[in-house]
Amino acid sequence: MSKPGRNDPCPCGSGRKYKRCCLGREADHDAFATQLEAKVLPTLAELARFAQAGAGGPLEALAGRAFAFWTGPLDEERSSRLVEHLMFDARLERYGRTAIEQFVLERGPRLGEPQRALVERWRETRRRLYRVDGWEAGFLRCSDALAEQANAISVWPLGQGAGLVADGAPVALRALPALDSFVAIGKPTTFHDRSLEDVRDAIKARHLNYVRSTRIVSFDDYLRLAPTALDEEAACGGVRPSIIVPGTRV
């Protein structure tokens, strides 16, 4: 196989030009991909199969219940997001637990110590709003947009075209610890051409609306109790809830 030209699409599938992606970093990219395939992806795939089997029913019907605000077909990107939801947030009717909680109970004892520790860390991970800081050799560099002091992390998205997300753009993803970095299932959820500040204010408004109408919870607990809030905000196209956070622009 011939080496791509500088302006050719990068063979890693990011969607970026080779010169703006893996050029000069091929060894780093391939080393992480090899380790990921050997030490992380088998456990992640097993958990995904477990979650889908426990949920029951076709994905289209499950999507209609969990993501009723989606319009259009259930494409690859949405299917990945749905499977992630089934793995970490949806509760199995038979047990009343999330799939990952039940997975730990049933299969945790059969996992090796590194895999069991990894799954335990995954269980505590939530979807968050991030700012994209850049892209390099298969990794999306981003910062938590909801934390007061956010450290930059490197996330390996398990979805094609993730490298096309613009620097500075807001994205929603679940950064699952993996090796010395993180992975995200599928392509990160984007918010079209909206600014980070606009999306962040809208999510805070959703939290305030929940507090006033349902119960008083912290912001982190709100994201746990309303795990599709970021997806709904992405789907609504910027139509804000009726309650606005004091001090923000309308």
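The values are calculated or read from the model by the stated rules, or taken from the named source; none is laboratory data. This structure is a prediction, so every number in the text was calculated from the model and none was measured. Neighbour counts run over all protein chains shown; Cβ positions are idealised from the backbone, glycine included. With ligands, DNA and RNA removed, areas are computed over all heavy atoms of the protein, side chains included. Shrake-Rupley method; radii C 1.70, N 1.55, O 1.52, S 1.80 Å.
Overview of results
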| quantity | calculated |
| --- | --- |
| Length gained when the stretch R224-R97 is fully extended (0.36 nm per residue, less Cα-Cα span) | 44.4 nm |
| Length added when fully stretched, D133-A31, from 0.36 nm per residue minus Cα-Cα | 34.5 nm |
| Residue-level accessible surface for L225, protein heavy atoms, 1.4 Å, Å² | 60 |
| Size of electric dipole in the chain: Cβ of Lys, Arg +1 and of Asp, Glu -1, about Cα centre, debye, nearest 20 | 240 |
| Net +/- balance of residues flanking R65 in space, Cβ distance below 15 Å, scoring K and R +1, D and E -1 | -2 |
| GNM top mover of V155, V183, V40 - the chain, alpha-carbon springs below 10 Å | V40 |
| From the coordinates shown, Rg/Rh (Cα atoms, Kirkwood Rh) corresponds to which of [x] 1.04; [y] 0.97; [z] 1.07 | [y] |
| Sequence of E120, E60 from largest to smallest accessible area, 1.4 Å probe | E60, E120 |
| Net charge of Cβ neighbours under 13 Å - reference K19; Lys, Arg +1; Asp, Glu -1 | +3 |
| Point-to-point label distance, E76-R123, nm (Cα→Cβ direction, 7 Å offset) | 3.3 |
| Percent RCO, i.e. relative contact order, over region 70-133, from Cα pairs under 8 Å lying at least 6 residues apart | 19 |
| Label point distance in nm, A235-A68, each placed 7 Å from Cα along Cα→Cβ | 1.0 |
| GNM result for the chain, Cα springs below 10 Å: residue of R116, R200, R25 fluctuating most strongly | R25 |
